[in-house]
Every structure is written in C-alpha cells, then in structure tokens.
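Remarks on the structure that follows.
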Amino acid sequence: MATDTRPKVLIVGAGLGGLMLGALLEKAGVPYAIFERTSVVKPLGSALSLGSNVLPLFTQLGIFDDFMTLGKNVTHCTISRENKGPLVTLDFLVTEELSGYSQYVIARPLLYDLLLKQVPPHKIHFNKRILKIKEGDNKVTIQAADNTVHEGDILVGADGAYSAVRQRLYEQLKMDGKLPKSDQEDLPFSCTCLVGQTKRIDFEQVFPEFKDPGSTFYNTLGDSSPFTYVVFSTAQETVTWMVIHHLDRISSKTAEEHRFKESENSEWGPLAAQAMCDETRHLPLPIGTTMTMGDIYELTPKEQISKVMLEEKVFKTWYSGRTVLVGDACHKLDPAGGHGAVTSMHDALAIANVIYALPSNPTTKDIEQAFADYQAERRPAAVDAFKNSQAMAKFMNRGFIGAIALFVMKHVPRWLWRIFLTASIRTRPQAGFLPEVENKGSVLANVSSSTEKSRTIYLQRNGAVSL
C-alpha cells in the first residue's frame, strides 16, 4: 500500500503510552504526530518492574539491549510488617524458565528517555494544549491553545487520567445522549502516593543489602499507621521508593480541590509533598538498618519528589468516530499493582496493530470497526488489572482480611505459586507488522487478535501470502 494512503494519526500526550505508539507507528511507516501540552515532559515517579510482558516487544523495536543496560534484575520481593521484620519472601526466579525472560527494575525517567529516542524530534510538538476537536469530511481536526489547527485521519487520546481528548469526546457524546452514566462520574481514589528517587548512593557504606546483583523489592505494610511503602534499588545505584497513604474515605479531584479552597497551605504540589514527607519520615526501613524513610527523603533531590492521587477507574467508552483513547485516558490503575504503565504500552501496541491492518483510504466505518476490535481485546485486560489492584488493596488491609491474605501468601505451596506465575506471563504481545520474536520459554504466549490480523496483512504486503 502506498504511503500516502495510510491514515495520518494525531497522538495527544507524550507519556509512555503516546511514545510507545509513536515508536510503533514509526516502525510501521504510518504517518503521525505527537502533541504534548507541556513544554517538556518531566517523568517523575520511582521505577517500574518489567519483564516478559514487554521485552519481546522491546526486541522487535530494537531497544532490548539498551533496556538491559539500564535495568536491574529482580529475583525476590520481601514483604514485611512495620517494626516486625520479614513476613513473606516471593521468589520470581522461575519466570525466566517459564517465559524466557527475567524481571527487571528500571527507573521511570530512564525508560521514558529510551522510548523518546525512538521518535524523531520533529514529530513531537510541545506546548500544544488541546482545546477543540472536530470531525467532518472524513477527517478529524484539533485546535490547540496557541490557535494552531492540525488535521489527520485518526485521533488518539494518550493524555492521562484527566485527558482533554476524553473530556471533549465525552462532552459531545453526552449532548447526543450516548454517554453512559458511569462515564460522567468523577475519577475516584482512596489512596494518595508519595514517590521519588534518591541521588546515587554508595551501597557499600549505606545499604549493603542492595549490593546483591539480584535487586529485591522491600514492601512494608503499616502496622499502626495507614501507610504502605516500598524501596528498591536500580542499576544506577539509586534507591527508588513509594509511600502509599490509604485513606479512610473515597474522594475525587473535584472534592479535594473544594477542600483545598477551604484550607491553608494545602495543594497538589511541593507543599503537599513536603507535608507528607514530614508525616511519614519516622517509618522504619525493613533492611536491617536503623534508618527511616526520613533518611531516604534526605538523599532524594526535592525536585524528584512528588505527591499524586491514585485514581482507579475503567471507563466504558473508549472510542467514537475517528477518536480513540489509550492508557490512563480510558483506564486509570493503581501503580501499586504494577499494571498501569504496562497496560498503557499494551494498549498502544493493540492500536498500532489495528491501524496497520486498516485498508487503503479507510472510511470512518473501517476505523470505528478497528477501534471496536481494539476495545474488545484490551478492555477485559484492563478490567482484570483493575480487579487485581482491588485484591492488592485487600492484601494491604491492616485488618482481618489483610491478615488472611498474608497467611495464604506465606503458606502457598510452590506448585501453586508456579501456576500463578505461569498465568501472569502468558501475555507477551508483539507487533504483527514486525519480524516475530520466537517463543523463548516453556510456556507459550497468548496471541492477540490484533497481532494475528496485522501479521496477516504484513505477510500479504511482503509477498509471503497471496491476496
């Protein structure tokens, strides 16, 4: 198919999902442009744990080796109770035998920069806050706050939990009476989170536990306090960390903004982050030292500390016409479950697959069918991740339910743990339009419908299958 017959894709949002989609479309030869509302993306946060769920895709993109130089192998996760020592140690060594890949920790900013390098700089446009969206004449146009107008065939909202694309899309659907009631409700959250990453540390002197080449997650459950906190090391000899505050109520951004207006010195910014640091600096570290989270905070540059809300919701409406949503824009997941970033990248992959498989000069009907296929494939996975996150919340509960969950986890037989890990590593999706990466482990990966469809088209276009 000639290049000029492929749909031009407008991607709003230069987060992990938007960059992954851009990197994939670059490989597919599909024209695209990325629009980011800020002047520069500052990837705050701590780190991500990635393994077989994305590493075959990284191999296809040609970034596997670079990732391996940045990531640190994770072999165990230790769960402790505050001031009471280790309760459970989970072993992830078997994942390499099952999937062919180990598990790795990578600092979020480093992963972001790795994906950013896959997108030519001239295809990312900063300071583009989107105000208007319009569909017509088989095209979609967006207007930015600087009054520039951009036209394409497909619009992808990858602009986060408070997506401008979703808001504009939902406004029109609501006017037309087509927006489900649940999609009109605020994003709820019952946790807030403090995250950061220290400067480089001499582990020999400060944290000898982290000298082990197999990095370990240390997850501590609060005993008399409503906090759960995690510390783990990176290949760059930094400590990344996260402190979760489990609230006694369900709130929303709207409710919090109203509450902040009625109080002093309360905001989602440096003051709020510092206040939470002060509140939690006494929490003891679980790694055999007398140090506390306060010592970790002192080793962390202030610009690397942020406080965020941990919203959780899976929306029902993911697309309409030529507009589609990916990542946090259509499903916001608690990062404590470890699914948010991976789910966003998997969304981007599925969208890239269905766009690649579109016919020449696709109609709006063709595009809507592709989006329907995308939602049918990805929404069940997002719902499952949401349910897993809810189960994790129960596990972190300090009451009776949490105690039962800990008991079960501590006494789970090895064969049952292996079954759990086997189920977790079956999802290893690939781009159907790139050379296939052979299965490396003893457990075959599930093949998604979008991958199969795009691979069929890829083989046809390359003369391997007759039309």
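The values are calculated or read from the model by the stated rules, or taken from the named source; none is laboratory data. Quick caveat, the model's predicted, so the values are computed rather than measured. As a convention, Cβ positions derive from the backbone with ideal geometry for all residues, glycine included, and neighbour counts pool all protein chains shown. All accessible areas refer to the heavy atoms of the entire protein, side chains included, with ligands and DNA or RNA removed. Shrake-Rupley method; radii C 1.70, N 1.55, O 1.52, S 1.80 Å.
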Of the criteria (1) of a type in the set (Gly, Ala, Ser); (2) surrounded by 24 or more Cβ atoms within 10 Å (Cβ to Cβ); (3) at pLDDT 95 or above; (4) over 14 Å from Asp159 (Cα atoms), which one Ala28 fails: (2)
Positions within the range 411-461 being more than 25 Å from the chain's Cα centre (by Cα) and of a type in the set (Ser, Thr, Tyr), in sequence order: Ser442, Thr456, Tyr458
Meets criteria (out of contact with any Ser or Thr (no Cβ under 7 Å at 6 or more places or on another chain), outside any helix (DSSP H, G or I) and modelled with pLDDT under 70) for Arg398: yes
Total residues in the range 95-118, condition more than 15 Å from Ile63 (Cβ to Cβ) and open to solvent by less than 30 Å² (accessible area, probe 1.4 Å): 8
Matching residues in the range 134-160 - criterion: being open to solvent by 50 Å² or more (accessible area, probe 1.4 Å) and within 19 Å of Ile351 (Cβ to Cβ): Glu135, Lys139
Hits in the range 176-227 (condition: part of a helix (DSSP H, G or I) and open to solvent by less than 40 Å² (accessible area, probe 1.4 Å)): Ser182, Asp183, Phe210
Residue under evaluation Pro188, criteria (1) more than 30 Å from Thr343 (Cβ to Cβ); (2) touching a Lys or Arg at 6+ places or on another chain (Cβ under 8 Å), criterion not met: (1)
Tally, over the range 440-467, of residues that are over 19 Å from Thr343 (Cα atoms), open to solvent by less than 70 Å² (accessible area, probe 1.4 Å), in a loop (DSSP other than H, G, I, E, B) and at pLDDT 90 or above: 2
Residue satisfying all of: in the range 337-353; among the aliphatic types (A, V, I, L, M) and open to solvent by 10 Å² or more (accessible area, probe 1.4 Å); farthest from Arg461 (Cα to Cα) among these: Ala341
Test: residue in the range 363-374 that is of a type in the set (S, T, N, Q) and either outside any helix (DSSP H, G or I) or in contact with a Pro (Cβ under 7 Å, 6 or more places away or on another chain) (or both): yes
Verdict on Asp159 being part of a loop (DSSP other than H, G, I, E, B) and in contact (Cβ under 8 Å) with a residue 12 or more places away in the chain: yes
Failed item, numbered, when Ser46 is tested on (1) small (Gly, Ala, Ser); (2) farther than 29 Å from Val9 by Cβ; (3) open to solvent by 20 Å² or more (accessible area, probe 1.4 Å): (3)
Which listed residue, of Asn83, Asn127, is of a type in the set (S, T, N, Q), open to solvent by 20 Å² or more (accessible area, probe 1.4 Å) and more than 25 Å from Leu16 (Cβ to Cβ): Asn83
Considering residues of the range 245-285 that are in a helix (DSSP H, G or I) and modelled with pLDDT under 60 only, the residue nearest to Gln304 (Cα to Cα): Phe260
